[in-house]
Amino acid sequence: MAPAPPLTELIASVDADAASTDPLVRLATASAMAADLTETSDSLVGHFVDQCRAAGHTWAEISDALGVTKQAAHKRYSMVPRDLTRFTTRARAVITHGVDAARGLGHGYVGTEHLLLGMFPPGGLAAELLAESGITQSNVATAVLASAPSGTAELAEPPPFTPRAARVFSGALEEALTMGHNYIGTEHLVLALFRDPEGLAAKILAEAGATHADFKERIAKKLVALMQKK
């Protein structure tokens, strides 16, 4: 295993990057560097946590490998996607409302169906498309409960994302890139739900007659219309 940078090398980097020799300036530089290192290390571990989840490993197995409790693993690596810098405010709200929907139904996980439920309160292009397609929050909730009845146990920690739900975020990024967008909006999230036909959200959308091609075409037209208004 490659060794971590030695302390002497890190100190030298701070000395070189600091704008002056003032101890407070160096302290601020060191703090910023430490934050970057922490973020990078979290992203590194998170990458392999996601791979383990996609491979079907349980949180108990993952927490054993990490040497932490199951609750700690949940909190650090499955609460929300780690990088939300590209997400719009409404797209972030979808995630929050999706988690709330899962908790409200007493489900011990956040699946693609909960992300679909989370698209109704924040508004945005996804909500417009769903409404135009006759897909309502009530109809989705009924379909979700038909597949997974409401639970009764109180959850001490926010429920983790399923592997399918976690893949929606990377899928949304790919959808944004294929459309030449440098952000991830609710429209990209809803398009990503179609990518896994076996996901409950995709099944609900398909049963309502919605398709990826139709939604993508309508999104493009709506965005053009918005640009023309500016």
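Laboratory data are not the source of any read-out in this text; all were calculated from the coordinates shown. No experiment lies behind these values; they were computed from the predicted model shown. Cβ: placed from backbone, ideal geometry, glycine included. Neighbour counts: every protein chain shown.
Please arrange SER147, SER133 by counting, for each residue, the other beta carbons lying within 10 Å of its beta carbon, fewest first. It would help to have the intermediate numbers written out before the result.
Values: SER147 11, SER133 16.
Ordered by Cβ neighbours within 10 Å, fewest first: SER147, SER133.
Among residues other than PRO197 with Cβ under 15 Å from its Cβ, the summed charge is 0 (Lys and Arg +1, Asp and Glu -1).
Under a Cβ-Cβ cut-off of 15 Å, what is the net charge of the residues other than GLU113 that fall near it, where Lys and Arg count +1 and Asp and Glu count -1? Kindly include the intermediate steps, with their values, before the conclusion.
Working: positive: ARG103, ARG164, ARG167, ARG195, LYS203; negative: ASP100, ASP196, GLU198, GLU207.
Once all neighbours under 15 Å are counted, the net charge is +1.
With both labels modelled 7 Å from their Cα along Cα-to-Cβ, the ALA16 to LEU145 distance reads 6.2 nm. Taking amide H atoms as placed 1.01 Å from N in the peptide plane, the amide H of ILE184 lies under 5 Å from those of PHE87, THR88, each 5 or more residues away in sequence or on another chain.
Report the full-extension gain for the segment MET33 to PHE48: residue separation times 0.36 nm, less the Cα-Cα distance, to one decimal in nm. Provide the component values of the computation, followed by the final result.
On the way: separation 15, 0.36 × 15 = 5.40 nm, distance 2.32 nm.
Full extension from MET33 to PHE48 adds 3.1 nm.
Our estimate of slack between SER133 and HIS57, defined as 0.36 nm per intervening residue step minus the Cα-Cα distance, is 23.7 nm.
Computed over region 78-229, the convex hull of the alpha-carbon atoms projects to a mean area of 8.5 nm².
Can you compute the FRET efficiency between LEU24 and ASN182 using 1/(1 + (r/R0)^6), with r the Cβ-Cβ distance and R0 = 35 Å? Round to the nearest 0.05. All intermediate terms of the calculation are to be shown ahead of the outcome.
Values: r = 36 Å, r/R0 = 1.03.
With R0 = 35 Å, the Cβ-Cβ based efficiency is 0.45.
Counting every other Cβ atom within 10 Å of each residue's Cβ, LEU27, LEU7 order from fewest to most as LEU7, LEU27.
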